[in-house]
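> Mind looking over this structure? Questions follow.
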Amino acid sequence: MKKALLYEPQENGNVICHLCHHQCVIKNDHWGICKVRQNKKGTLFTWVYDRIIAEHVDPIEKKPLFHFLPGSKSYSVATAGCNFQCQFCQNSSIAQMPRDQGRISGIPMTPGQIVQSARNQHCQSISFTYTEPTIYFELALETAKKAHEQGIKNVFVSNGYMSEEAITMIAPFLDAANIDLKSIENSFYKKYCGARLQPVLDNLILLKNSGVFLEITTLLITGLNDNPQKIKKAAAFIAKELGKDTPWHISRFHPTYRMKDRPATSVTSLQTARQIGMDVGLQYVYTGNIPGDEGESTFCHHCGALLIERYGFTIQKNIIDDQQCPKCQTPVNIVT
Ligand code: SF4
């Protein structure tokens, strides 16, 4: 348990947490929506500062980040908890653990130990992933600072619901992020995630303007967010506000958690959504969770040359030369 950042005590003993857009008002002895931050006598504490629930060395492609240090290893960590309650959560056993099981498990690991472990395993980056990094902000921030001191990059894989204050604090140490755009409809966020759309849209722009390298992910769920007009609207937002060269991953949903009754998204739906994104003008649109699909690979948006060939999270071939297509010299938005 550690004293939290970004909260405001009230005269009546409540505290307001300013870490994410829920802005929870928390009474004494109560918890915020994320169930990992507790008010104790007017002081807000985090219960996940040093309780790592998952740590693995992953290919950076698994985040997914296809345009940031391709082919590199990323030391990936998480604590339990999330500030969303997505009914289709793909990591519910750890992300929804505090809410569903009433417990916060994990092994003690300090920021210094996380960075050392990343170094020992020759990782070029540390990814704060699997659950929502915003809710373990104190750990992520301190670790990210130490990582930079050692020349290691930092990555957030996030729902993008952090407050502006949180972004201002983490941005100088955050090199890249994959942010979910779960839908372009507020009603979807409200009904299926317990959140709102607008803060996510605002944060995407803020992160981009703060110099964080951005990729976007949308989990496509049949009948819920696969309407072609809505996909077009999401693509238009990305193209206009974040740039046509922003990579967009459209991933396949598999029935899980509270949506076991829904079918897995069809390959055709994913390929159609990818085509819509490209028709809007996005230069790098990927299909996710369909190993072997053409949509896993990177093509030059100008001449069509195959630049990076992937199978799943593995790179088979990479011919990008100095951040440009070797065939036609068109620049490629990639960090190498
Ligand atoms: S992080 Fe978000 S959900 Fe958790 S207590 Fe703070 S405002 Fe509430």
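> What is segment 1-97 by shape, rounded, prolate or oblate, if you read a ≥ b ≥ c off the alpha carbon gyration tensor as root eigenvalues and call it rounded for a/c under 1.5, prolate for a/b larger than b/c, and oblate otherwise?
It is prolate, given that a/c is not under 1.5 and a/b is the larger ratio.
> Straight distance only, please: which lysines reach the Cα of Lys232 with their own Cα at less than 22 Å, same-chain residues fewer than 8 apart left out?
Answer for Lys232, where 22 Å is the Cα cut-off: Lys182, Lys190, Lys191, Lys208, Lys240, Lys244, listed by chain and number.
> Follow-up question, since we're still on this one. Add -39500 (n - 2.57) for each DSSP H run of 4 or more in the chain, then divide by its residues: what number comes out at 222 nm, to the nearest 500 deg cm²/dmol?
It lands at -6500 deg cm²/dmol.
> Could you give the C-alpha radius of gyration of segment 42-132 expressed as a fraction of 2.2 N^0.38 Å, taking N as the number of residues it contains?
Its radius of gyration relative to the 2.2 N^0.38 Å reference: 1.16.
> Something else: Under 5 Å between amide hydrogens, which residues at least 5 positions from Val335 or on another chain qualify, with H placed 1.01 Å from N in the peptide plane?
Phe68, Leu69
> State, to one decimal in nm, how far the label point of Asp202 lies from the label point of Gln324, with both points 7 Å from Cα in the Cβ direction.
Rounded to a tenth, the inter-label distance reads 4.0 nm.
> Please report, in debye to the nearest 20, how large the charge dipole of the chain is about its Cα centre when each Lys and Arg carries +1 at its beta carbon and each Asp and Glu carries -1 there.
740
> Right, here's the next one. Counting each pair of different Cα atoms once, what's the Kirkwood radius of segment 256-336 in Å, rounded to one decimal?
After inverting the pairwise mean of 1/r, the radius is 14.1 Å.
> For the chain, what's the radius of gyration and Dmax over Cα atoms, in angstrom?
For the chain, the Cα radius of gyration and maximum Cα-Cα distance read 19.6, 67 Å.
> Next question, about the same structure. Can you compute the FRET efficiency between Asn28 and Ser105 using 1/(1 + (r/R0)^6), with r the Cβ-Cβ distance and R0 = 41 Å? Round to the nearest 0.05.
0.95
> While we're looking at this one, here's another question. By per-residue mean of other Cβ atoms within 10 Å, what is the highest-first order of 172-181, 39-48?
Averaged packing, sorted descending, gives the order 172-181, 39-48.
> Next up: What residues qualify as long-range amide H neighbours of Thr43, i.e. H under 5 Å apart, gap of 5 or more or another chain, H built at 1.01 Å from N?
none
> Treating each Cα of segment 149-296 as an identical point scatterer and ignoring solvent, apply the Debye formula and state log10 I(q)/I(0) at q = 0.18, 0.19 Å⁻¹.
-1.08, -1.18
> Divide, for segment 205-281, the radius of gyration over alpha carbons by 2.2 N^0.38 Å, where N is the residue count.
1.18
None of the figures in this text is laboratory data; all of them are computed from the coordinates on show. Quick caveat, the model's predicted, so the values are computed rather than measured. As a convention, Cβ positions derive from the backbone with ideal geometry for all residues, glycine included, and neighbour counts pool all protein chains shown.
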